[in-house]
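No value in this document is a laboratory result; all are computed from the given coordinates. This structure is a prediction, so every number in the text was calculated from the model and none was measured. Glycine also receives a Cβ, built like all others from the backbone with ideal geometry; neighbour counts cover every protein chain displayed.
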Amino acid sequence: MIVAQANSWSLDRLLFTSGAWLLAVIWVLPLGYAIMTAFQPAAFETQITLQAPLTLENFIRAWNAAPFARYFLNTVLLVTMILVAQLILCSLAAFAFVRFEFPFKGVLFALVLLQLMVMPDILLVRNYATMRTLGLIDTILAIGLPYFASGFAIFLLRQTFMTVPRELDEAARIEGCSWLGLLWRVYVPLAKPTMLAFGLVSVSHHWNNFIWPLIITSSVETRPLTVGLSIFATTDSGIEWSIITAATLITSAPLLIGFLLFQRQFVQSFMRAGIK
Amino acid sequence: MIKREWMIALAFLAPALILLFSFTHYPAIQTVIDSFWSTARGRRPSLFIGLGNYARLLEDDIFRRAMINNAIYAAITIPASVALALAMALFVQGRLAGRSFVRMAYFTPTVLPLIAVANIWLFFYLPGFGLFEQIRGALGFDPRNWIGTPDTALYAVTAVTVWSQAGFFMIFYLAALQTIPPNLRDAAAIEGCSNLTFFRRVTWPLIMPTTLFISVNATINAFRTVDHIFVMTQGGPNNASMLLLYYIYEQGFRFWDTAYASALTVVMVVILALVGIGQFFLLDRKVHYK
């Protein structure tokens, strides 16, 4: 009886482990195949072999075939600008929701939460018209502006600010701390883990964002990586696949490497930011 | 005295709220208004046409195709992503040989831009070249153009969506599984409760709020995740993979029919609002597990 149980248990285990690994292999295959192709000479792109010589030539050719350096700069400027604006604007707003009493507070907060459902990503036509009125078409500012006031960030920071002990807050006020000083010296330091978590989520979201930047940009000086890559990959000029996959990896590399190095932080940040 | 506090609060709120209203609430309302007008063309100004754009919607075969496709897309991506995310979380939460590699394999697609994912899969599917086709070829199947065939294009892009988001949802299940007290497990073991029974009776009910949370997110994603369509199929062949948001883009920014695109956007906003209302009622009833 005991033996039978032990046997069925190990069969269980075997099925479990092989299921986990099968899924992992399926999940890794598309990316693994792309990485393999990118590091092998173009002549080997139709063959599945590990014997082919490794080369960086595809990366060099991809890098020179399109202004990727400029796209990189644009994306870095974009995500930095968005994150800084989000953290400042949303901290101020979250602080007001936590610390002050004012009329229509509940209604205003509900309106903030509405953005979790109806995001600017969907209101493309009207936001494009607004940008035209502001004269901002084809600027990096226009890509970021609709995301500066993030309902999600306000919500997240409000949750964190609410946990700040009232004694700390009052002590600082008695010391003669201004409201801004209070936010900066007491609330922000205590919200650092939340801000880091939100930062990772925000950076990876806007690094990967595509449709709005595609619509609003039309020149090399403003296009982020995702748009640059899509243009590079869809020009039917007979570019070899090994070069396209190399370009694809170039655009994803910073996030991918960041993720592999700081896996735990990534996973915890996404977890922290997602659980309400 | 109270007035002063209102003023300070306003000063703190104003920058964020002005931007929020300018790019979320104002465009949402203005889109509804725009949808009752015609698109200005050349010297022909925009005219009030009432429900004209909506009447056109009902007659529009491509719109109908997009709605049906989007329904199929949602009907597959939501349950598949939820089920796979749960399976992944169960796989990596306990003892498993090579656990950190497996977890990394599941999660990695999440950090890739969907545009990059689209390129990777385009190559993966490529008839004659792609790994997928080579494997099928080795097994003796005829080559197939998965993306270029109307029968399979939608399913090909659907698979890509599931691949790219399941690992992301896995994280929330992992977090939820960690909150299940280990003594429940021990108690069940003493009672001689099988793994399957334990999952059905204890784990599944306890992680219900997470399942709902993930389902809502997967539903929203089913309507706004269309980046890969731009690279892989562009809605084709013959609108076989046309989805609502892609159709909005096409009408608004390829054909510059902004009024019609506004009417389409209203449909989208209504769908998302319904999801929001549904979430509110569902979560309200199930949330007492926390």
**Prompt:** With contacts defined as alpha carbon pairs under 8 Å and 6 or more residues apart, what's the relative contact order of chain B in percent?
**Reply:** 27 percent
**Asked** Per residue of the protein assembly as shown, what 222 nm ellipticity follows from adding -39500 (n - 2.57) for every DSSP H run with n ≥ 4, rounded to the nearest 500?
**Response** -22500 deg cm²/dmol
**Request:** Using the Karplus curve 6.51 cos²θ - 1.76 cosθ + 1.60 with θ = phi - 60°, work out ³J(HN,Hα) for each residue of region B:39-47 in order, rounded to whole Hz, and write x for Gly and Pro.
**Result:** 6, 6, 10, x, 8, 7, x, 5, 10
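For a protection proxy built on the mean count of beta-carbon atoms within 10 angstrom, sort B:143-152, A:165-174, A:224-233, A:80-89 highest first, please.
Descending mean neighbour count gives A:224-233, A:80-89, B:143-152, A:165-174.
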**Prompt:** Pick from B:Phe230, B:Phe36, B:Phe255: which residue has the top mean-square fluctuation in a GNM of chain B where Cα pairs under 10 Å get a spring?
**Reply:** B:Phe255
**Item:** Derived scalar couplings ³J(HN,Hα) [region B:10-15; Karplus, 6.51 cos²θ - 1.76 cosθ + 1.60; whole Hz; x for Gly, Pro]
**Value:** 4, 4, 6, 7, 3, x
**Fill in**
Restricting to Cα pairs under 8 Å and 6 or more apart, the percent relative contact order of region A:27-169 works out to 29 percent
**Asked** Given H placed on each backbone N at 1.01 Å, which residues far from B:Trp37 in sequence or on other chains put an amide H within less than 5 Å of it?
**Response** B:Ile49
**Item:** region A:59-273: relative contact order in percent, alpha carbon pairs under 8 Å with at least 6 residues between
**Value:** 35 percent
**Asked** In sequence order, what are the phi-derived ³J(HN,Hα) couplings for region B:135-143 according to the Karplus relation 6.51 cos²θ - 1.76 cosθ + 1.60 with θ = phi - 60°, rounded to whole Hz, with x for glycine and proline?
**Response** 5, 5, x, 5, 8, x, 8, 6, x
